1. Among the residues of segment 225-268, what is the count of those that are out of contact with any strand residue (DSSP E or B) (no Cβ under 9 Å at 6 or more places or on another chain) and either assigned to a loop (DSSP other than H, G, I, E, B) or not assigned by TED's automatic domain parsing to the domain that holds residue 126 (or both)?
2. List the pairs whose first member sits in segment 267-290 and is at positive phi and in contact (Cβ under 8 Å) with a residue 24 or more places away in the chain, whose second member is in a loop (DSSP other than H, G, I, E, B) and crowded, with 19+ Cβ neighbours inside 10 Å, and whose Cβ atoms are under 6 Å apart, counting only residues at least 6 apart or on separate chains?
3. Considering only segment 168-179, state which residues are touching a residue at least 12 places away in the same chain (Cβ under 8 Å), surrounded by fewer than 16 Cβ atoms within 10 Å (Cβ to Cβ) and out of contact with any helix residue (DSSP H, G or I) (no Cβ under 6 Å at 6 or more places or on another chain).
4. Need the failing condition index for residue 35 against (1) over 23 Å from residue 268 (Cβ atoms); (2) part of a loop (DSSP other than H, G, I, E, B); (3) assigned by TED's automatic domain parsing to the domain that holds residue 299, just the number.
5. Taking residue 191, is it in the same structural domain as residue 159 (by TED's automatic domain parsing), in a loop (DSSP other than H, G, I, E, B), crowded, with 16+ Cβ neighbours inside 10 Å and out of contact with any helix residue (DSSP H, G or I) (no Cβ under 8 Å at 6 or more places or on another chain)?
6. Tell me yes or no: at least one residue of segment 105-112 is part of a helix (DSSP H, G or I), surrounded by fewer than 15 Cβ atoms within 10 Å (Cβ to Cβ) and in contact with a helix residue (DSSP H, G or I) (Cβ under 8 Å, 6 or more places away or on another chain).
7. Can you tell me which residue is farthest from residue 179 (Cα to Cα) among those in segment 269-284 that are in a loop (DSSP other than H, G, I, E, B) and under 11 Å from the mean Cα position of the chain (by Cα)?
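The values are calculated or read from the model by the stated rules, or taken from the named source; none is laboratory data. Model, not experiment: these values are computed from the prediction. When we count neighbours, we look across all protein chains shown, and the Cβ atoms used for this are built from the backbone with ideal geometry, even at glycine.
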């Protein structure tokens, strides 16, 4: 069993971090007697026996994960293991919720009654599994009723803030001939901008309904929700002769979970509590290190 530790790119208390790393090494040495450290760009890795893995105290792992990312993998990956990687968009490829940021932009322009706080609350509730996605998206879009496309186009002139390491990750995957998809409950104008910037192979996302150059407060059918996201991944694999077990899904919220369950590999990136609580011991989590750290999992 391979153990990967990825450290935060920066920390306010380096002394404390060093102490926790030393504590972790001591803990695994108590399970395995001896570990051989391999240094990585943002951390280190080592191997433990299956016997040592079976004796892990998972409360201890939860404790260590407060300070650095800690993941387990049965074997180093090859290009045969993963043929397709599907990304969520908001808070995964970009470090924002695009609809929330668009609402802030609208508020700043004074073109509408203040809507950003309302939209953010609805987004948070949906991503944490507290309200159904369809209820959240309907309510959020209603708040955007009658917004002119000029405002959307002006917002799109600004760069969307990318997640730390996402360019390196997508480039690294594509260099391994792994297909990269964007499967999002977000909206096409934002997804298309990212597709052009990052060279995603295909994008699957929602569409604003527009009449007379204004948002109507509705979406175009079909709605891309959690169930449809899963279907899109499965359909893409069938169309291109990939097995779903050869897919990696990376996301952060409740509507990514069904897609993850259908995939061979899953990683929660800065995952919301709803998703984090449902990831298994061998699902990967990155919360502190750059998202590109996952490239270390390949041979």
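1. The number of residues fulfilling the criteria is 2.
2. As it stands, the answer is 270/252, since those pairs meet every condition given.
3. Scanning segment 168-179 gives 176, 177.
4. Every listed condition holds for residue 35 apart from (3).
5. No: the conditions fail for residue 191.
6. yes
7. Residues of segment 269-284 in a loop (DSSP other than H, G, I, E, B): 270-272, 277-283.
The next check asks that each one be under 11 Å from the mean Cα position of the chain (by Cα); those that pass are 270-272.
Numbers: 270: 23, 271: 23, 272: 26 Å.
That would be 272.
Rundown of residues vs (1) under 18 Å from the mean Cα position of the chain (by Cα); (2) surrounded by 15 or more Cβ atoms within 10 Å (Cβ to Cβ); (3) farther than 21 Å from residue 127 by Cβ, yes/no style:
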| site | (1), (2), (3) |
| --- | --- |
| 141 | no, yes, no |
| 152 | no, yes, yes |
| 157 | no, no, yes |
| 203 | yes, yes, no |
| 221 | no, no, yes |
| 226 | yes, yes, no |
| 238 | no, no, yes |
| 242 | no, yes, yes |
